[in-house]
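Here is the structure we will look at.
The values are calculated or read from the model by the stated rules, or taken from the named source; none is laboratory data. Keep in mind the model is a prediction, meaning the values are calculated, not measured. Glycine gets a Cβ as well: all are built from the backbone with ideal geometry, and neighbour counts include every protein chain shown.
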Amino acid sequence: MTDLTWRPDSPDAAAEIRPLLLAVAAADGRPEVTGGAPLPREFRGGEHLLATDGIELVGYAHLDTDGDSFGRQVAEVLVRPDARRRGVGSALVDAVIARAADGTRFWAHGDHPGAARIAERQGLSRVRELLTMRIDLAETDLPDPVWREGVRVRTFETGRDEAAVVEVNKKAFDWHPEQGALTVADVEATEAEAWFDPAGFFLAVDPDDQVLGFHWTKVHPGGVGEVYVVGVDPGAQGGGLGKALTLAGLAHLRSLGLTEVILYVESDNAPAVAVYSRLGFTRSAADVQYARAEAPSV
C-alpha cells in the first residue's frame with residue numbers, strides 16, 4: 001500500500017527527499033544532487049509529494065507551482081530504483097494531475113520508456129524534447145574563435161556584470177520556458193555554488209564595454225565540462241558571435257584538461273543544433289516533457 005502526502009517546501013522536506021534523489025541519481029545519472037549542497041533548482045519551492053510504503057520513501061514528485069516563463073506548472077516525478085514497476089509512478093502522476101493546474105508539464109529525463117507508458121495511459125503527449133549533445137575534445141580539432149571588428153572578449157566580474165548578463169539573456173531567450181526567467185538574484189545565487197568560476201564565464205563586449213553576448217561554462221564534479229549557456233543579444237547577431245563565444249568556452253574547458261563536454265539544446269532549435277553539429281557535437285540523450293494533448297507546444 002502506497003501512501004501519498006503533500007508537503008509545503010521546507011528544510012525538513014528537502015532533507016527527507018535527498019536520499020531518494022541520490023539513489024535515483026546513482027541509477028540514472030540524474031538529477032544533479034550531492035549530499036550537502038542545496039537541492040537542484042527544479043526541486044526548490046513549490047510543493048512536494050511523498051510516496052511512502054510503510055516508513056520507506058519510495059517515490060517523490062515536485063510541483064513547481066510558480067511555473068515556467070509562460071506560467072505553466074511543471075512537475076518532476078521520481079521513483080526509487082528498487083521500487084519501480086509497482087505502480088508508484090502512476091500513483092504520483094495521478095495525484096499531481098488532480099492537484100495541478102491545466103496544462104501542467106511533466107519531465108521524463110532520459111526519455112524513459114516507463115514514463116512514456118504512464119504518459120500514454122494518462123493521455124499525455126510529447127510537447128517538448130531537450131537534447132543532450134556531447135563532444136570529445138581529445139578527438140576534435142576546433143578552430144580559433146574569430147571576433148568581428150570592434151568586439152573583444154573578457155571574463156565575468158562578480159558584483160559588476162550580473163544585470164548586463166541578465167538583460168542580454170532576457171532578449172536572447174524570451175522564447176525559452178526556463179532560461180528566459182533568469183534574474184540577477186539567480187545569478188548571484190549561482191555565484192555561491194561550488195562549481196561557479198568567473199574565469200569560465202566569457203563576455204563579448206563592444207568598445208564601450210556593453211555586453212553583446214556571453215558563454216557561461218560549467219565543470220561538473222565528475223570532470224565533465226558543459227556549454228552551460230550561450231546567449232547573444234538579437235541586435236548583435238550575425239557575424240558568428242555565438243560560434244566565437246562557444247569556441248572560446250571550449251578552449252577554456254580544454255585548457256583545464258577536460259575532454260568530455262556536454263550541452264543541452266531544444267530539438268526544434270534547428271540553427272543551434274546545426275552550429276553545434278558542425279563543431280563536432282553529437283546527440284547522446286534526450287529529455288521529454290509531456291502534457292495534455294490540447295496543451296500548446298512551445
Filter result (outside any loop (DSSP other than H, G, I, E, B), touching a strand residue (DSSP E or B) at 6+ places or on another chain (Cβ under 6 Å) and of a type outside the set (A, V, I, L, M)) within segment 80-122: Gly89, Arg105, Phe106, Trp107
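Yes or no, residue by residue, for (1) surrounded by 16 or more Cβ atoms within 10 Å (Cβ to Cβ); (2) of a type in the set (S, T, N, Q); (3) modelled with pLDDT of 95 or more:
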{"position": "Glu260", "(1), (2), (3)": "yes, no, yes"}
{"position": "Asp268", "(1), (2), (3)": "no, no, no"}
{"position": "Ala272", "(1), (2), (3)": "yes, no, no"}
{"position": "Arg283", "(1), (2), (3)": "no, no, yes"}
{"position": "Asp287", "(1), (2), (3)": "yes, no, no"}
{"position": "Ala293", "(1), (2), (3)": "no, no, no"}
{"position": "Pro296", "(1), (2), (3)": "no, no, no"}
Residues within segment 185-223 that are among the aliphatic types (A, V, I, L, M) and surrounded by 13 or more Cβ atoms within 10 Å (Cβ to Cβ), tallied: 8
Inter-residue pairs, beta-carbon under 9 Å, first farther than 18 Å from Asp208 by Cβ and in segment 144-163, second of a type in the set (A, V, I, L, M, F, W, C) and part of a loop (DSSP other than H, G, I, E, B), 6+ apart: Thr158/Phe196; Glu162/Phe156
Single match in Gly45, Gly59 (criterion: in contact with a strand residue (DSSP E or B) (Cβ under 8 Å, 6 or more places away or on another chain), in contact (Cβ under 8 Å) with a residue 24 or more places away in the chain, assigned to a loop (DSSP other than H, G, I, E, B) and among the small types (Gly, Ala, Ser)): Gly45
Yes/no for Trp216 being modelled with pLDDT under 95 and of a type in the set (Phe, Trp, Tyr): no
Verdict on Asp68 being within 30 Å of Trp175 (Cβ to Cβ), surrounded by 14 or more Cβ atoms within 10 Å (Cβ to Cβ) and at pLDDT below 95: yes
Total residues in segment 123-155, condition in contact with a strand residue (DSSP E or B) (Cβ under 6 Å, 6 or more places away or on another chain) and part of a loop (DSSP other than H, G, I, E, B): 1
